[in-house]
1. Apply the a/c threshold of 1.5 to the C-alpha gyration tensor of region 51-115 and tell me whether it is rounded, prolate or oblate.
2. Mean projection of the alpha-carbon convex hull of the chain over all orientations, in nm²?
3. Can you tell me what share of the DSSP beta bridges in the chain is antiparallel? A percent to the nearest 5 is fine.
4. In whole percent, how big is the carbon plus sulfur part of the accessible area of the chain, probe 1.4 Å, protein atoms only?
5. Take peptides 85-91, 8-14 and line them up by average Cβ neighbours within 10 Å, highest first, as a rough protection proxy.
6. So what are the three principal axis dimensions of region 7-65 from its Cα atoms, in whole Å, longest to shortest?
7. Hey, what's the chain come to in accessible area per residue, 1.4 Å probe, Å²?
Amino acid sequence: QVQLVESGGGLVQPGGSLRLSCVASTSIFSRYAAGWYRQAPGKQRELVATISNSGSTNYADSVKGRFTISRDNAKNTVYLQMDSLKPEDTADYYCHARWIGLNYWGQGTQVTVSS
């Protein structure tokens, strides 16, 4: 069982930035694809960004050009740099990791964008 622990959420004003981190409890994290999803109140969970084990990235259209996903395999960590935040980015953000059919989720970290 792999544990994923997110951090970095909080309250930020529109136009501000936050960086989310997700630390995985596995020494073979480099083999995993990873990603960030979010769920706003009353809405379904949606994909934000993914990064493959080789470093290829994919983004939702709504965050392209504003968010950047990256990983540091030496630290078993995946990051989400969020810039130019908008009120509509307010949601609980969840880290996800996947490898050979195994799927793991973090507990979520709350991001609120408000003035």
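The values are calculated or read from the model by the stated rules, or taken from the named source; none is laboratory data. Because the structure is predicted, anything quoted here is derived from the model rather than measured. Cβ placement follows ideal geometry from the backbone for every residue including glycine, while neighbour counts extend to all protein chains displayed. In case anyone asks, the SASA skips ligands and DNA or RNA and just uses the protein heavy atoms, side chains included. Shrake-Rupley method; radii C 1.70, N 1.55, O 1.52, S 1.80 Å.
1. Because a/c hits 1.5 or more and a/b exceeds b/c, region 51-115 counts as prolate.
2. The directionally averaged projection comes out at 6.7 nm².
3. Around 95 percent of the beta bridges assigned by DSSP in the chain are antiparallel ones.
4. 45 percent
5. 85-91, 8-14
6. If we take the Cα atoms of region 7-65, the spans are 36, 25, 23 Å.
7. Dividing the accessible area of the chain by its residue count gives 53 Å².
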